[in-house]
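Asks: Quick one: structure below, then a few questions.
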Amino acid sequence: MEKFPKMTMGELYDTDTVYTSRPSYVSNPWLETDEHQSNFLTGREMLISNLPMVVHEASVTDKLETLFKMIGRTIPENVYTFHDQQSYEALLKKLAYDDNRHIYFQYIHGEDIVTGDKYVIDKDIFSKLNNKSKIPEWTNGKYLPKRQVVPIDQFEAAIQQWELPFVIKPGDEHPTAGGYGVMICYTPEDVEKAKARIQGAKDETEMIIIEERIEAVDNYCVQFALHPERGIVYLGTAKQLTNEYGFYNGNTNAKDVPEYVIEAGRELMQVGVDNGFVGVAGFDLLVDAKGDVYAIDLNYRQNGSTSMLLLSPVLKGKHHKFYSYFANGDNTRFFNTIVEFVERGVLYPLSYYDGDWYQDKHINSRFGGIWHADSLEDIEQLEREFEAKAGLEPH
């Protein structure tokens, strides 16, 4: 008997909703706006969507069709495609104004593209919920590291009062996906690098957050959905894998999550719902050696690991890991290696951005998937083997 995801996004929204997970083409100083990475993101939720989606053409080629066929899935029919900024923005306008659809934006877009009344969630509320400087409002002042929010022109004076190590973040609604934009400072050299980043963003950012660096024992992303019939539903928890500077290295499914951590997340979800949020949210919660919980980021939107949690019924083994890979110059070798590991039943494909779709230049392909095995050691061994066969640098 076929096993389905725990829940799909289509269960959460009205039937006139269309989903886009692409960041706006307009520059964001705190998110690495690589065009191909942003296009790659558009295919990530395809297997949990059950909802019309806006997807880049390179993310729905015959390569993805091949990978999906291997796991008994097909590319959804309700996909709207685009190929560049002009076609993307024109498609959003057509959907919103000609077809009278509402759009679930993963990231805020400009009013010149789609006005706020066409958002599924009130645009101002969505913006405020994802504004890092407003975290104390949504946590009711709980779960907070020591922090200071200062105007950007007062930042350099303010950090003189802080002892290293500390964390610096933009104090606005700009997303900082994958740790890009979150600056952990251990040394004076790190502080100088942060100053340079902030100087480059001063025209688009008003406030900067300086925050105590928590020595975390566990780094969780606790996820919930607001279901129209079942209310707030706990979807599961992912462990976040990061390096010492906070850069994202994937997620594993978390085992034996303390109940008080889940309840802290439920509290945060309830606050969002009370303020008009609908859909899926994930909260980055650190736990220190004393067992204290700290909310370092509130993502009132889908997270990279949401698919891993919702697809757990179709995954094998006790341990799962979500990760993305980029080809290293040889797209054919990269794809053939993915096919081999999917055939072996240890790698579950989510998305494939086909660099060969571009005929006038070389673009590295990208792949997002879930490793599934009986132990984390098995997954680490599989990843090493995969990277060697695909010609990738070990991550």
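Asks: Being in a helix (DSSP H, G or I), open to solvent by less than 20 Å² (accessible area, probe 1.4 Å) and not acidic (Asp, Glu), is that true of even one residue in region 310-327?
Replies: yes
Asks: Of the numbered conditions (1) in contact with a strand residue (DSSP E or B) (Cβ under 9 Å, 6 or more places away or on another chain); (2) in contact (Cβ under 8 Å) with a residue 40 or more places away in the chain; (3) not in a strand (DSSP E or B), Pro5 satisfies every one except a single condition; which is it?
Replies: Checking Pro5 against (1) in contact with a strand residue (DSSP E or B) (Cβ under 9 Å, 6 or more places away or on another chain); (2) in contact (Cβ under 8 Å) with a residue 40 or more places away in the chain; (3) not in a strand (DSSP E or B), the one that fails is (1).
Asks: With within 26 Å of Asp274 (Cα to Cα), open to solvent by 30 Å² or more (accessible area, probe 1.4 Å) and out of contact with any helix residue (DSSP H, G or I) (no Cβ under 8 Å at 6 or more places or on another chain) as the only criterion, which of Glu89, Glu111, Glu65, Glu77 stands out?
Replies: Testing whether each residue is within 26 Å of Asp274 (Cα to Cα), open to solvent by 30 Å² or more (accessible area, probe 1.4 Å) and out of contact with any helix residue (DSSP H, G or I) (no Cβ under 8 Å at 6 or more places or on another chain) leaves just Glu111.
Asks: Hey, could you check region 371-393 for residues that are open to solvent by 70 Å² or more (accessible area, probe 1.4 Å) and in a loop (DSSP other than H, G, I, E, B) and say which is modelled with the highest pLDDT?
Replies: Filtering region 371-393 for residues that are open to solvent by 70 Å² or more (accessible area, probe 1.4 Å) and in a loop (DSSP other than H, G, I, E, B), the one modelled with the highest pLDDT comes out as Asp374.
Asks: Against the condition closer than 29 Å to Asp34 by Cβ and assigned to a strand (DSSP E or B), how does His362 come out, does it pass?
Replies: For His362, the condition - closer than 29 Å to Asp34 by Cβ and assigned to a strand (DSSP E or B) - is not met.
Asks: Now, a different point. One residue is enough: does region 340-359 have a residue meeting the conditions open to solvent by 10 Å² or more (accessible area, probe 1.4 Å), touching a strand residue (DSSP E or B) at 6+ places or on another chain (Cβ under 9 Å), on the phi > 0 side of the Ramachandran plot and modelled with pLDDT of 95 or more?
Replies: Scanning region 340-359, I find at least one residue that is open to solvent by 10 Å² or more (accessible area, probe 1.4 Å), touching a strand residue (DSSP E or B) at 6+ places or on another chain (Cβ under 9 Å), on the phi > 0 side of the Ramachandran plot and modelled with pLDDT of 95 or more, so the answer is yes.
One line per residue, one yes/no per condition, for (1) in contact (Cβ under 8 Å) with a residue 12 or more places away in the chain; (2) closer than 27 Å to Ile168 by Cβ:
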| position | (1), (2) |
| --- | --- |
| Tyr220 | yes, yes |
| Ala225 | yes, no |
| Ala264 | yes, yes |
| Asp274 | no, no |
| Ile296 | yes, yes |
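Asks: Which of the following residues is modelled with pLDDT under 95 and open to solvent by less than 50 Å² (accessible area, probe 1.4 Å): Pro52, Pro29?
Replies: Of the residues listed, the single one that is modelled with pLDDT under 95 and open to solvent by less than 50 Å² (accessible area, probe 1.4 Å) is Pro29.
Asks: Let me ask something else. Taking region 285-309 as the search range and keeping residues that are more than 17 Å from the chain's Cα centre (by Cα) and closer than 22 Å to Tyr248 by Cβ, which one is most open to solvent (accessible area, probe 1.4 Å)?
Replies: Tyr294
Asks: In region 303-355, what count of residues is obtained for those that are among the charged types (D, E, K, R) and free of Cβ contacts under 8 Å to residues at least 12 places away in the same chain?
Replies: 1
The values are calculated or read from the model by the stated rules, or taken from the named source; none is laboratory data. Keep in mind that this is a model prediction, so the values were computed, not measured. Every residue, glycine as well, gets a Cβ built from its backbone with ideal geometry; the counts of neighbours run over all protein chains shown. The area values use the complete protein model at the heavy-atom level, side chains included, leaving out ligands, DNA and RNA. Shrake-Rupley method; radii C 1.70, N 1.55, O 1.52, S 1.80 Å.
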